[in-house]
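Written out below as structure tokens is the structure these notes cover.
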Amino acid sequence: MNVLIVDDSALVRSYHRQILESGGFYVEEAANGLEAYEKALTKNYDLYIVDINMPVLDGYSFVQKLRDTKDLKQSPVIMVSTEQENKDKDMAFRCGANFYIAKPVKPEELLGFCKIISGVN
């Protein structure tokens with residue numbers, strides 16, 4: 001399964017990469033929503049793990065662009081953010097996220113959602 005991690009923090013991307021690679025996932029990274037969208041247009045990803053607060057193009061806007069793009073609209077998205085208020089979670093789902101996880105992410109939680117999406121037990 002190909003996963004694109006979208007987060008402006010290199011440390012967070014590295015942490016998520018380590019978790020996912022330990023679970024057998026192939027991982028690529030993008031530092032903002034625009035970079036991620038450009039990658040999504042040229043390569044097929046099975047899952048996007050997306051932060052909300054990023055420069056250039058935030059996570060909400062990135063997910064909306066995915067949902068507005070014919071070949072990408074069904075792509076699974078896990079929003080991951082330090083934003084823990086219900087309004088942030090609600091906005092993530094309104095934009096089209098499939099799941100929402102508050103940081104700091106527990107490895108077993110992230111792997112669990114990824115396995116659900118990929119159909120791996």
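The values are calculated or read from the model by the stated rules, or taken from the named source; none is laboratory data. Computed from a predicted model, the values in this text were never measured in an experiment. Don't worry about glycine lacking a Cβ; one is built from the backbone with ideal geometry, like all the others, and counts go over all protein chains shown.
Assorted remarks:
- Enumeration of residues in region 60-75 that are in contact with a strand residue (DSSP E or B) (Cβ under 7 Å, 6 or more places away or on another chain) and modelled with pLDDT under 95: Ser75
- Scanning region 63-76 for any residue that is within 13 Å of the chain's Cα centre (by Cα), closer than 20 Å to Gly119 by Cβ and among the small types (Gly, Ala, Ser) turns up at least one such residue.
- Residue check for Leu20: surrounded by 20 or more Cβ atoms within 10 Å (Cβ to Cβ) and not in a loop (DSSP other than H, G, I, E, B): yes
- For region 42-92, a residue qualifies if it is assigned to a loop (DSSP other than H, G, I, E, B) and aliphatic (A, V, I, L, M), and the qualifying residues are Ile52, Met54, Val56, Leu57.
Residues checked against (1) surrounded by 13 or more Cβ atoms within 10 Å (Cβ to Cβ); (2) at pLDDT 95 or above; (3) in contact with a Cys (Cβ under 7 Å, 6 or more places away or on another chain); (4) among the β-branched types (Val, Ile, Thr):
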residue	(1), (2), (3), (4)
Ala30	yes, yes, no, no
Ile49	yes, yes, no, yes
Asp90	no, no, no, no
Gly96	yes, no, no, no
Ile101	yes, no, no, yes
Pro104	no, no, no, no
Ser118	yes, no, no, no
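- Any hit, region 34-47, residues being of a type in the set (A, V, I, L, M, F, W, C), in contact with a Cys (Cβ under 7 Å, 6 or more places away or on another chain) and either touching a residue at least 40 places away in the same chain (Cβ under 8 Å) or buried (at least 21 other Cβ atoms within 10 Å of the Cβ) (or both): yes
- So Ile101, is it under 20 Å from Asn2 (Cα atoms), free of Cβ contacts under 8 Å to residues at least 40 places away in the same chain and either touching a His at 6+ places or on another chain (Cβ under 7 Å) or not in a helix (DSSP H, G or I) (or both): yes
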